[in-house]
Amino acid sequence: MNLKYKCPECGTPLGFEGLCWRCRAKKHRDEVDNWSDKEIEEKINQVIERLKTSTEDNFYETDEYEIFQDLMTKGIYVEEFSKIACERKIFYPSELYYKASSEVRDRLIEKILNTKSSDEGSCLLLCLAMIGDKKSQDTLYELKINPRPWRKKLYVDSDIYAEEGGWTFDNDNNYIKLNYDKCFSFEKGEKKDEKGSFIARKREEKCPHCGGEIIDILVIDGRDERFSFLGLDGIITASCCPNCVTLSEGISNRFSLDGTNEILEYEGEEENYFRDEIIDEMVNNNFVVSEKEKPLFYGAFTDDVNTIGGFGNWVQDWEYRECPECGKKMKYLAQIHWDTIMDSAEGTLYIEICPDCKIITMFHQQT
């Protein structure tokens, strides 16, 4: 391939003239972060007007859909969005209903209890999941134990739909929180802080399956006040073979708060596709943790932001693994987009945690 151009910002070789995707994404994110109050008001009104004229299946095709996502990444939740969307029968994206009013919630419940369509029922389940209050939970629980006829056309029960909102419930309708209500991002710095929280370092250990390098892919210092929300007063280390974790069902660790861990047995690959130079590129990143807390959806709509906490940007569907120790659902902890730390890989690594059992699980999704 003839890459005769270079990104004017970072120097990445390109087959076209202009910014690379990373620099375009950063430029847009910087613009959104610096919107003035007047610009925010204009953007909100623009989304409102688009919702008023949209149909149930075309809002996501508009520019305003992306503006809505930008507002969410800034932590701006507008109650009027859900009110208009409900009136217009716009049930996608479900995030339109995040923090919706009790009035809107009750209208959604009425709709879901009366619909005969599995497609509409599925969308309404997700919208109630995003509201996530007790009445929404009770409705989803009722639909699980007394399913409507349209449930037969769905693949999973309503407790799995609840997971998109970052929560679920058990067989006794006990609420289970699946994500954290704080979020921090990784940002480019001068040099990563290997005495604090960081992405990727060599473990000086080889994978027993493919012979590739084992990596401490994420280290979080729970003693850092920024991560006190984790409730773990020590160093949490998540380790994997990057080659095998991308091609297998996932890799789990049992960690100790002194920073050590035990990599649990996993099914690996025979061939290693991660050459030494790829590993070097991975561990030589300069990501540092953001000083300030980010909104919960900061990393939920883009594939260039690595985050700890908040909501993830699921490449496929949301996925909460069961702890291999206790069998309970694990909590979403972090996401690392592979192509932010190396050019030759695609997809996203998701990291989940069972804080009670001190188990970490890592798995990969890609298109």
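Listing for the model above:
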quantity	calculated
Any hit, the range 12-29, residues being at pLDDT 95 or above, of a type outside the set (Val, Ile, Thr) and either within 24 Å of the chain's Cα centre (by Cα) or in a loop (DSSP other than H, G, I, E, B) (or both)	no
Matching entry among GLU281, GLU352 (being of a type in the set (D, E, K, R), surrounded by fewer than 18 Cβ atoms within 10 Å (Cβ to Cβ) and either outside any strand (DSSP E or B) or in contact (Cβ under 8 Å) with a residue 12 or more places away in the chain (or both))	GLU281
Considering residues of the range 10-30 that are out of contact with any helix residue (DSSP H, G or I) (no Cβ under 9 Å at 6 or more places or on another chain) and either assigned by TED's automatic domain parsing to the domain that holds LYS74 or closer than 30 Å to GLU80 by Cβ (or both) only, the residue surrounded by the most Cβ atoms within 10 Å (Cβ to Cβ)	ALA25
Residue satisfying all of: in the range 156-192; outside any loop (DSSP other than H, G, I, E, B) and free of Cβ contacts under 8 Å to residues at least 24 places away in the same chain; surrounded by the most Cβ atoms within 10 Å (Cβ to Cβ) among these	ASP159
Top-ranked residue of the range 34-71 - restricted to ones that are surrounded by 12 or more Cβ atoms within 10 Å (Cβ to Cβ) and of a type in the set (Lys, Arg), ranked as nearest to the chain's Cα centre (by Cα)	LYS43
Pick from the range 244-266, criterion small (Gly, Ala, Ser) and closer than 24 Å to ALA345 by Cα, ranking: surrounded by the most Cβ atoms within 10 Å (Cβ to Cβ)	SER252
Residue in the range 218-225 that is charged (D, E, K, R) and either over 26 Å from the mean Cα position of the chain (by Cα) or under 23 Å from TYR92 (Cβ atoms) (or both) present	no
Enumeration of residues in the range 137-155 that are in a helix (DSSP H, G or I) and within 25 Å of the chain's Cα centre (by Cα)	GLN137, LEU140, TYR141
Pick from the range 98-119, criterion more than 29 Å from the chain's Cα centre (by Cα) and charged (D, E, K, R), ranking: farthest from LEU296 (Cα to Cα)	LYS116
Test: residue in the range 42-56 that is touching a residue at least 24 places away in the same chain (Cβ under 8 Å), among the hydroxyl-bearing types (Ser, Thr, Tyr) and in the same structural domain as ILE90 (by TED's automatic domain parsing)	yes
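The values are calculated or read from the model by the stated rules, or taken from the named source; none is laboratory data. Note that this is a predicted model, so its numbers are computed, not measured. Counting neighbours? That spans all protein chains shown, and the Cβs are built from the backbone with ideal geometry, glycine included.
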